[in-house]
Amino acid sequence: MKNAKEIKKIATSTIRTEADAISSLVGFIDHAFVRTVELIFRSSGRVIVTGIGKSALVGQKIVATLNSTGTPAVFMHAADAIHGDLGTIRKDDVVICISKSGETPEIKVLVPVLKEQGSSLIAIVGNTSSYLARQADFVINSTVQQEACPNNLAPTSSTTAQMVMGDALAVCLLECRGFSAKDFARFHPGGTLGKQLYLKVSDLYVNNPVPRVRTTDNIKKVILEISSKRLGATAVISGSKLAGIITDGDLRRMLEKSTDLERITAADIMTKKPRTVEPGTLVVNALNLMRNTNITQLLVVRKEKYLGVIHLHDILREGII
């Protein structure tokens, strides 16, 4: 067993080796890479990603990234492809084949079939003299000088390089398509990422009670309203318009300063011009407003009409933070 110092040294070396491998990829962004982006962008078909072993696992991640950023993609394992799954490929699909060596037996069986049926073939390969590289229409070079493995055997730097090149393709296509945050939200309706992009104040505040008092109401009624509605605050209404807000903090400060409570009204202790949000505001923007102003609730209004309250706890329950 290695001691703590040795473990840290190994981990640091691994990260540096892979970082160096990634940095060297910048020199491989060439005309073939550009043509690959153009080919996929203009294609009316899908991207079929295939590979064997660790490269297959990288391929699955690349497919997931492409799909989530607006480029339809399908993963096809190279071993399964030569045993019936070639039926996955359609006329206008573009095939990306991932391999470090470019010489694996499954790849050598698969490639001639792809060429025979007229598929466009892109190689992400670590050996530009390999069989796969020679047969491909375009080659994306993912060569690395050294694996992070001390024996230079286990795919480490090489698989990282493959994944980074896949990310580079996906991001280029994303930008070419003008893929926006709204598009991203459409493809990610679940989870925190999706909620940040589509969840609105109107989705949350409607589930809360609507605390309100009149400017002329006495302190007892204010306390009862805040306590019963359990949102830590109440809106103060004058006529039909919002006049202010009273929080439980305002009540504590009032009690510290005054002993004559019978004559105090809501108007005496309210904060005028409270922070408000429109129902159509994104929840993440409402959260940022709370953070910037160090408050835990916002009054929801539409055209100066008070509608309700959104509380920090509502946002916490949605997992936005």
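The values are calculated or read from the model by the stated rules, or taken from the named source; none is laboratory data. Everything quoted here is computed from the prediction, not taken from an experiment. Cβ atoms come from the backbone with ideal geometry, glycine included; neighbour counts cover every protein chain shown. Each accessible area value is taken on the protein alone, full model and side chains, heavy atoms only, with ligands, DNA and RNA left out. Shrake-Rupley method; radii C 1.70, N 1.55, O 1.52, S 1.80 Å.
Figures for the structure shown
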{"item": "Subset of region 136-157 [of a type in the set (S, T, N, Q) and open to solvent by 20 Å² or more (accessible area, probe 1.4 Å)]", "result": "141, 143, 145, 146, 151, 152, 156"}
{"item": "Single unsatisfied condition, residue 308 versus (1) open to solvent by 50 Å² or more (accessible area, probe 1.4 Å); (2) over 28 Å from the mean Cα position of the chain (by Cα)", "result": "(1)"}
{"item": "Residue that is farthest from residue 319 (Cα to Cα) [pool: residues in region 165-208 that are aliphatic (A, V, I, L, M) and at pLDDT below 90]", "result": "181"}
{"item": "Filter result (of a type in the set (D, E, K, R) and loosely packed, with under 15 Cβ neighbours inside 10 Å) within region 252-277", "result": "252, 253, 256, 257, 260, 262, 263, 268, 272, 273"}
{"item": "Of the criteria (1) assigned to a helix (DSSP H, G or I); (2) under 24 Å from residue 227 (Cβ atoms), which one residue 291 fails", "result": "(2)"}
{"item": "Those residues of region 64-76 which are touching a residue at least 24 places away in the same chain (Cβ under 8 Å) and over 15 Å from residue 121 (Cα atoms), in sequence order", "result": "65, 66, 67, 68, 69, 70, 71, 72"}
{"item": "Matching residues, region 39-84, being open to solvent by 40 Å² or more (accessible area, probe 1.4 Å), under 22 Å from the mean Cα position of the chain (by Cα) and over 22 Å from residue 118 (Cβ atoms)", "result": "57, 60, 61, 64, 67"}
{"item": "Set 54, 115, 108, 61: member being in contact (Cβ under 8 Å) with a residue 12 or more places away in the chain, touching a Ser or Thr at 6+ places or on another chain (Cβ under 8 Å) and closer than 25 Å to residue 130 by Cβ", "result": "54"}
{"item": "Answer from 106, 6, 18 - the residue that is closer than 24 Å to residue 148 by Cβ, of a type in the set (Asp, Glu) and surrounded by 15 or more Cβ atoms within 10 Å (Cβ to Cβ)", "result": "18"}
{"item": "Search result, residues across region 116-135 that are open to solvent by 20 Å² or more (accessible area, probe 1.4 Å) and either closer than 21 Å to residue 90 by Cα or of a type in the set (Phe, Trp, Tyr) (or both)", "result": "116, 117, 118, 120, 131, 135"}
{"item": "Residue match in region 166-182 (condition: touching a strand residue (DSSP E or B) at 6+ places or on another chain (Cβ under 8 Å) and either open to solvent by 50 Å² or more (accessible area, probe 1.4 Å) or closer than 26 Å to residue 74 by Cβ (or both))", "result": "yes"}
{"item": "Residue 242 over 33 Å from the mean Cα position of the chain (by Cα), under 21 Å from residue 307 (Cβ atoms), modelled with pLDDT of 90 or more and crowded, with 17+ Cβ neighbours inside 10 Å", "result": "yes"}
{"item": "Count of residues meeting criterion [touching a Lys or Arg at 6+ places or on another chain (Cβ under 7 Å) and without any contact (Cβ under 8 Å) to a residue 60 or more places away in the chain] in region 210-224", "result": "1"}
{"item": "Which numbered condition residue 61 fails, given (1) of a type in the set (Lys, Arg); (2) in a loop (DSSP other than H, G, I, E, B); (3) closer than 24 Å to residue 147 by Cα", "result": "(2)"}
{"item": "Single unsatisfied condition, residue 113 versus (1) open to solvent by less than 10 Å² (accessible area, probe 1.4 Å); (2) out of contact with any Cys (no Cβ under 7 Å at 6 or more places or on another chain)", "result": "(1)"}
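Residue by residue, here is whether (1) polar (S, T, N, Q); (2) over 30 Å from residue 36 (Cβ atoms) holds:
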site: 151; (1), (2): yes, yes
site: 159; (1), (2): yes, no
site: 166; (1), (2): no, no
site: 187; (1), (2): no, no
site: 214; (1), (2): no, yes
site: 220; (1), (2): no, yes
